[in-house]
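Enquirer: Would you mind keeping the following structure in view while I ask a few things?
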Amino acid sequence: MPNVYVTRKKYESLRDSLDDLTCQKQKIAIDIAEAAGQGDLRENAAYSYAKQQQEKILGQINEIQNKLGNSKILDTLQVDRSHIRIGATVTLQEVADGKKLIYTLVGSEESDPDSGAMSVDTPLSQAMLGKREGETFTVALAKSTKTFKINKLEYK
């Protein structure tokens, strides 16, 4: 699995989720044991349901453990702060209409464009990576090609 870039907050959230799932796994184990004590397992709906839940939880635990194991916490990365990199907060201005946009570049795990967190995998992010404050760049988006000026670059 490739590196997963996350903020410290997201990393802690993943750890909390793992703790919750571990508790659920223990509860499911008890449910399975109780259901197994009810007799014939082939016709035991409670047992079948508990086993399905256990499989689902184990899959989620495995997924989170993989993410945590491959996580790179943005807060601790040493990057050249004079260029746009993951973790940067960038204020852009569309050259054509003057519209201002502010985005923080994050890993795909935390992407939420409505709240200003944009994945570094998007075409807009890819076009601005490595650029500096004051530069202008053009990017082909889904419906058009747009030109932006980088008004501000900061790392918070």
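Enquirer: Among the residues of the range 124-143, is any under 30 Å from LYS25 (Cα atoms), modelled with pLDDT of 95 or more, over 19 Å from the mean Cα position of the chain (by Cα) and acidic (Asp, Glu)?
Expert: no
Enquirer: Which members of the range 56-71 meet the condition of being surrounded by fewer than 14 Cβ atoms within 10 Å (Cβ to Cβ) and either assigned by TED's automatic domain parsing to the domain that holds THR145 or charged (D, E, K, R) (or both)?
Expert: Across the range 56-71, the qualifying residue is only LYS56.
Enquirer: Can you pull out every residue in the range 106-156 that is surrounded by fewer than 18 Cβ atoms within 10 Å (Cβ to Cβ), of a type in the set (Val, Ile, Thr) and assigned to a loop (DSSP other than H, G, I, E, B)?
Expert: Within the range 106-156, just THR122 meets the criteria.
Enquirer: Further question: Would you confirm whether or not the range 97-105 contains a residue that is assigned by TED's automatic domain parsing to the domain that holds ALA127, charged (D, E, K, R) and assigned to a loop (DSSP other than H, G, I, E, B)?
Expert: yes
Enquirer: Just checking, which of GLU55, GLU34, GLU63 is modelled with pLDDT under 90, part of a helix (DSSP H, G or I), out of contact with any Gly (no Cβ under 6 Å at 6 or more places or on another chain) and among the acidic types (Asp, Glu)?
Expert: Selected residue: GLU34, the only one of GLU55, GLU34, GLU63 that is modelled with pLDDT under 90, part of a helix (DSSP H, G or I), out of contact with any Gly (no Cβ under 6 Å at 6 or more places or on another chain) and among the acidic types (Asp, Glu).
Enquirer: What tally of residues in the range 38-52 results from selecting those that are surrounded by fewer than 10 Cβ atoms within 10 Å (Cβ to Cβ) and assigned to a helix (DSSP H, G or I)?
Expert: Of the residues in the range 38-52, 3 are surrounded by fewer than 10 Cβ atoms within 10 Å (Cβ to Cβ) and assigned to a helix (DSSP H, G or I).
Enquirer: Now a separate question. Across the range 3-16, what is the number of residues that are over 19 Å from GLN78 (Cα atoms) and surrounded by fewer than 16 Cβ atoms within 10 Å (Cβ to Cβ)?
Expert: Of the residues in that region, 4 qualify.
Enquirer: Just to be sure I understand, how many residues within the range 67-96 are within 17 Å of LYS156 (Cα to Cα) and in a strand (DSSP E or B)?
Expert: Here the count works out to 7.
The values are calculated or read from the model by the stated rules, or taken from the named source; none is laboratory data. Worth saying up front: this structure is predicted, and the values here are computed from it rather than measured. We place every Cβ from the backbone using ideal geometry, glycine too, and count neighbours over all the protein chains shown.
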